[in-house]
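Here is the structure we will look at, set down as structure tokens.
The values are calculated or read from the model by the stated rules, or taken from the named source; none is laboratory data. Small disclaimer: the values here were computed from a predicted structure and weren't measured. Please note: Cβ atoms are built from the backbone with ideal geometry, for glycine as well, and neighbour counts cover all protein chains shown. Just the protein is used for accessible areas: all its heavy atoms, side chains included, with ligands, DNA and RNA removed. Shrake-Rupley method; radii C 1.70, N 1.55, O 1.52, S 1.80 Å.
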Amino acid sequence: MRMRKKKNLDTRLENCSAVIVGEPEAQRGRWRELFGNDHPLFLEIGCGKGRFILESARRNPDINYLAIEREEGALIMATERAMKMELPNLRFLDVDAARLTEFFADGEIDRIYLNFSDPWPPNRQRKRRLTHSNFLKLYDCVLAKYGQVHFKTDNQHLFEFTLEEMCGFGWLIQNISLDLHNSGLDNIMTEYEEKFSNEGFRIYRLEASRRGEDTLTRAHTAPRTPQELAETPRGSAARSYHPAP
């Protein structure tokens, strides 16, 4: 469901230009120069109103954070909050995640967060899911050698789909939780997460790590466009996963 259009949206976004990266293509391979340091670079794809990324940046000043959000109503809420909090280690992008390799160089990102991504329930739309193998190929290019994807959802079907895609891709799956809020793990909630949890839904979580150069051939041989990536064979390494009772 799309948010209702906010009043004076263009003016409000302009007022938040200090935290919005206007030409992300120009920063490709140079993101740490933007922040003026050599700290790790973490990216959230689909930050919503920003609760998770704002609190993460506040708690971890020695990590650089980037957040992608296409819904302008949510983006303005997140960026206005960021302006008030004055977080030098956080910036926002209004870009399409399918174009990640246009904005980030090989190995430039250390961690990607996917929090409560759209499950696109019709199976015919599975390629739009952010954990479909086509997107995993993008992440494989921009993540560092042992970079990670941290994934959370309330949707059991999407969680199972994600496990299958990532295992088939040859990534190491670890820290799996089938009931995050009763697991004792440290956790920063998103707005959706709090809503779903209050409604009695279980929250699923996992961490997936690249295994390095032995998964997919990358660097100078990696495909450079989303079209080329879509045509690249998936990693041949696979591992089975059996959910806990």
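Descriptive notes on the structure:
- The residues of the stretch 61-70 that are over 20 Å from Lys127 (Cα atoms), open to solvent by 20 Å² or more (accessible area, probe 1.4 Å) and not β-branched (Val, Ile, Thr), listed by number, are Pro61, Asp62.
- Pairs are defined by a Cβ separation below 9 Å, a sequence spacing of at least 6 or placement on different chains, a first member in the stretch 8-28 that is at positive phi, and a second member that is of a type outside the set (Gly, Ala, Ser); no pair meets this definition.
- All positions within the stretch 89-101 that are more than 11 Å from Gln27 (Cβ to Cβ) and out of contact with any Pro (no Cβ under 8 Å at 6 or more places or on another chain): Leu90, Phe92, Asp94, Asp96, Ala97, Leu100
- Test: residue in the stretch 43-51 that is assigned to a helix (DSSP H, G or I) and either buried (at least 20 other Cβ atoms within 10 Å of the Cβ) or touching a residue at least 60 places away in the same chain (Cβ under 8 Å) (or both): yes
- Leading residue by the ranking (most open to solvent (accessible area, probe 1.4 Å)) among those in the stretch 102-122 that are closer than 19 Å to Cys167 by Cβ and not hydroxyl-bearing (Ser, Thr, Tyr): Pro119
- Residues located in the stretch 134-163, provided they are of a type in the set (Ser, Thr, Tyr) and open to solvent by 10 Å² or more (accessible area, probe 1.4 Å): Tyr146
- Among residues of the stretch 117-137 that are closer than 21 Å to Trp171 by Cα, those with a Cβ under 6 angstrom from a residue that is modelled with pLDDT under 95 and buried (at least 21 other Cβ atoms within 10 Å of the Cβ), sequence gap 6+ or separate chain, pair up as Leu136/Phe169; Lys137/Leu229.
- Residue in the stretch 76-91 that is at pLDDT 95 or above, assigned to a loop (DSSP other than H, G, I, E, B) and open to solvent by 50 Å² or more (accessible area, probe 1.4 Å) present: yes
- Candidates Phe161, Phe196 - the one that is modelled with pLDDT of 95 or more and more than 29 Å from Arg28 (Cβ to Cβ): Phe161
- Test: residue in the stretch 35-42 that is outside any strand (DSSP E or B) and of a type in the set (A, V, I, L, M): no
- Selection from the stretch 178-201 of residues that are assigned to a loop (DSSP other than H, G, I, E, B), surrounded by 16 or more Cβ atoms within 10 Å (Cβ to Cβ) and charged (D, E, K, R): none
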